[in-house]
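Structure record follows, encoded as structure tokens.
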Amino acid sequence: MIPAEYEQVLFCDGAIVSIHSTVLGPALGGVRFRPYPSEEAALQDVLRLSRAMTYKAAVAGLDYGGGKAVIVGDPHAADRRERLAAFARCVDSLGGRYLTAEDVGTTQADMDFVRTITPYVTGTSQGSGDPSPPTALGVFCAMTATAEALWGSADLAGRHVVVQGVGKVGRALVGHLLAAGCRVTVADVDPAATAVEGVEVVDPARAHAVPCDVFSPCALGGVLSPATIPELACAAVVGSANNQLADDACADRLAGRGVLYVPDYVANAGGIVNIAEEPDGYDRARAEAAVRRIHDTVLRVLAEADREGVTPLVAATRLAEERLRRRPTA
């Protein structure tokens, strides 16, 4: 059953498009191409992801709503192009209420292809491009803000960061961390992905339990659960993965362990912030400056949480919902 808060959920040709909200503007969010175990699993994923996009855009101060899409199947199958074309037609049928973008299992080249069928696509080679580098930069800026809040300095030199998941975002984040003088440990289910000079490598199943300053989940969601939270040995969790919490109650469990959790949709907003610069004529320097302001957004969320005596997740949710109530007037 689809909760009433969702404006529209469209099933078409093996894809699902979820529009959670267009209160602040057109729903923006990427498309995942994955072999989900069932349509129900795909539906639950796209619902959670699209809702998070609403809150991500709201907290970041963007005039976009929340949407997401999934294509259910093997992204490496021979019919990949046909599946993407069918998805593009589905997006086009929505008339601009949903703007798609690259996500897990899709590429910038895919978005260029989708653009040949529908104009309602972002992050193409003619626009803001691959969202992974700005997403990584935003997570890095979220970490500097976390360091400032915890240790009184935004300087990460000498801090130990464990990055779980060394895909496009994780690898770019590792680059920022090494440049900042961090000790970096990485983990990935693909051993080839961990071949990065200057890092230590651990088993991905135990990455969350490695003693460190910051644990950074940058793979898929659900890594922070009642089973893993007691095993954490970090001061903070700041990562790019969506839906890091198995459920919202895990935010309280983290607080109970004394672990500072920066909500994923606050830390990983760099991609959408970057894309939001497209309508005014994309300028990379202006976009980077906007992404770097995630540092200030995180400080605002953490200060609000401290002032109200709530978790950062509750504080971020309140800030987002306040902005949604103050919807812009035409």
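The values are calculated or read from the model by the stated rules, or taken from the named source; none is laboratory data. Predicted model only: the values in this text are computed from it and were never measured. Using ideal geometry, Cβ is built from the backbone for each residue, glycine included, and neighbour counts are taken over all protein chains shown. The protein model used for the area step is the full one, side chains on, heavy atoms only, and it has no ligands, DNA or RNA in it. Shrake-Rupley method; radii C 1.70, N 1.55, O 1.52, S 1.80 Å.
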ARG34 - accessible surface, heavy atoms, 1.4 Å probe, Å² rounded to 10
70
Taking 0.36 nm per residue of sequence separation and subtracting the Cα-Cα distance, how much length would be gained by fully extending the chain between ARG300 and ARG325, in nm to one decimal?
7.1 nm
In whole angstrom, how far apart do the alpha carbon centroids of segment 304-322 and segment 52-125 sit?
30
Across the chain, where is the longest run that never hits GluC sites (Glu not before Pro) in a DSSP loop with at most 15 other C-beta atoms within 10 Å?
6-196
With charges set only on the Cβ (+1 for Lys and Arg, -1 for Asp and Glu), what does the dipole of the chain come to about its Cα centre, in debye to the nearest 20?
400
Give the angle, between 0 and 90 degrees and rounded to the nearest 10, that separates the Cα long axis of helix 132-151 from the longest principal axis of the Cα atoms of the chain.
30
How far is it, in nm, from the label point at ASP280 to the one at LEU178 when both lie 7 Å from their Cα along the line to the Cβ?
3.4
Just to make sure I understand: if all protein chains stay in place, what is the order of HIS295, HIS176 by accessible area at 1.4 Å, largest first?
HIS176, HIS295
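Could you order TYR6, TYR261 so the one with the most accessible surface comes first? Probe is 1.4 Å.
TYR6, TYR261
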The chain - share of DSSP beta bridges that are antiparallel (%, nearest 5):
30
Comparing GLY167, GLY239, GLY309 in a Gaussian network model of the chain (Cα, 10 Å), the one with the largest mean-square fluctuation is GLY309
Taking the square root of 5 times each eigenvalue of the Cα gyration tensor, what semi-axes in Å does the equivalent ellipsoid of segment 211-320 have, largest first?
27, 16, 12
Measure off, as a whole percent, the carbon and sulfur share of the 1.4 Å-probe accessible area of segment 1-118, all protein chains present.
53
So for segment 1-137: antiparallel DSSP bridges make up what percent, rounded to the nearest 5?
50
Compute the distance in nm between two label points, each set 7 Å from the Cα along the Cα-to-Cβ direction, one at SER125 and one at ALA109.
0.9
Can you give me the C-alpha center-to-center distance between segment 155-200 and segment 226-293, rounded to a whole angstrom?
17
Solvent-accessible area per residue for the chain (1.4 angstrom probe, square angstrom)
41
